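Following: one structure in structure tokens, then a few remarks.
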């Protein structure tokens, strides 16, 4: 997902899906410019490699600039070649007095309108490329007053572990009833799993959102040695409320979790496993997650 802001009255959000076949395909590796197509087209089809490299001539500062130059050189000159030429022929292609600067701006959504109005007044240079980004914690390299006055109250996020340390350990979680597709048939299981994170404590500024998540959209919980959901360290390695180790969407299709089930698919990957399970299991119960995902995909094709 990304977007192109052609003007304050023409903002384009680009989203896509994989398809088995297409009525036509476009590529943007020669004459055509991808960002320009977003101003004209409501739908487009690209082969996967062409999609990955749709910005290979530049995002909005496309090189070569003119159609004639792209006709003559565009097939052979991509962003990598431009950078190599600029390094060797700096005196010819770069103007040190008026350098071309591309700047990424980390912009809170709540200030988007204010920023765009200021930007149009001061610069009037379009298009702009934008990418949705969720702030996961308060970055150390930003001054404390950066967030002052910004209302992002509805944005849950993961913040530093309560211990203040990076936690890498073998923990225990319980899978509870939820709509999560990947956990179907696993409800009630208490299983060991690896964790490895420094910023894993779930933080809910909006208490109503926490209540909704806690009531049925948090399918994985940290538990203690008695199997009880816990916030106590070290059973809960990050201090997440109600032992929350993962969240899912109401339709069950989206799952986000901090522990790493992919690291405990085989019994020998476990830090500890009951002897009976060791003797009888060729694969660990976590394999069921990925089987569920495959079965759902095959069913919904």
Somewhere in the range 176-187, is a residue surrounded by fewer than 17 Cβ atoms within 10 Å (Cβ to Cβ) and not in a loop (DSSP other than H, G, I, E, B)? no
Going residue by residue through the range 209-221, is there one that turns out to be at negative phi, in a loop (DSSP other than H, G, I, E, B), surrounded by fewer than 18 Cβ atoms within 10 Å (Cβ to Cβ) and in contact with a strand residue (DSSP E or B) (Cβ under 7 Å, 6 or more places away or on another chain)? no
Taking only the range 74-94 into account, find how many residues are loosely packed, with under 11 Cβ neighbours inside 10 Å and in a loop (DSSP other than H, G, I, E, B). 2
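Can residue 183 be described as in the same structural domain as residue 247 (by TED's automatic domain parsing) and closer than 18 Å to residue 259 by Cβ?
The answer is yes for residue 183.
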When the residues of the range 247-291 are filtered to those that are under 22 Å from the mean Cα position of the chain (by Cα) and assigned to a helix (DSSP H, G or I), which remaining residue is nearest to residue 191 (Cα to Cα)? 261
Considering every residue within the range 42-62, establish whether at least one is part of a loop (DSSP other than H, G, I, E, B), within 23 Å of residue 79 (Cα to Cα), touching a residue at least 60 places away in the same chain (Cβ under 8 Å) and in contact with a helix residue (DSSP H, G or I) (Cβ under 7 Å, 6 or more places away or on another chain). yes
Those residues of the range 193-208 which are outside any loop (DSSP other than H, G, I, E, B) and more than 22 Å from residue 261 (Cβ to Cβ), in sequence order: 203, 207, 208
Scan the range 13-26 and give yes if some residue there is surrounded by 11 or more Cβ atoms within 10 Å (Cβ to Cβ), touching a strand residue (DSSP E or B) at 6+ places or on another chain (Cβ under 9 Å), modelled with pLDDT of 80 or more and assigned to a strand (DSSP E or B), otherwise no. yes
Considering only residues of the range 123-150 that are within 19 Å of residue 10 (Cβ to Cβ) and loosely packed, with under 11 Cβ neighbours inside 10 Å, which is modelled with the lowest pLDDT? 132
If residue 251 passes every condition in (1) touching a residue at least 12 places away in the same chain (Cβ under 8 Å); (2) closer than 13 Å to residue 192 by Cα; (3) surrounded by fewer than 17 Cβ atoms within 10 Å (Cβ to Cβ) but one, which one does it miss? (2)
Residue identified as in contact with a strand residue (DSSP E or B) (Cβ under 8 Å, 6 or more places away or on another chain), surrounded by fewer than 15 Cβ atoms within 10 Å (Cβ to Cβ) and modelled with pLDDT of 95 or more among 241, 234: 234
In the range 226-235, which residues are in contact (Cβ under 8 Å) with a residue 24 or more places away in the chain and outside any strand (DSSP E or B)? 227, 233, 234, 235
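The values are calculated or read from the model by the stated rules, or taken from the named source; none is laboratory data. Here the structure is a predicted model, which is why all the values come from computation and not from measurement. Here the Cβ is made from the backbone with ideal geometry for all residues, glycine too, and neighbour counts use every protein chain on show.
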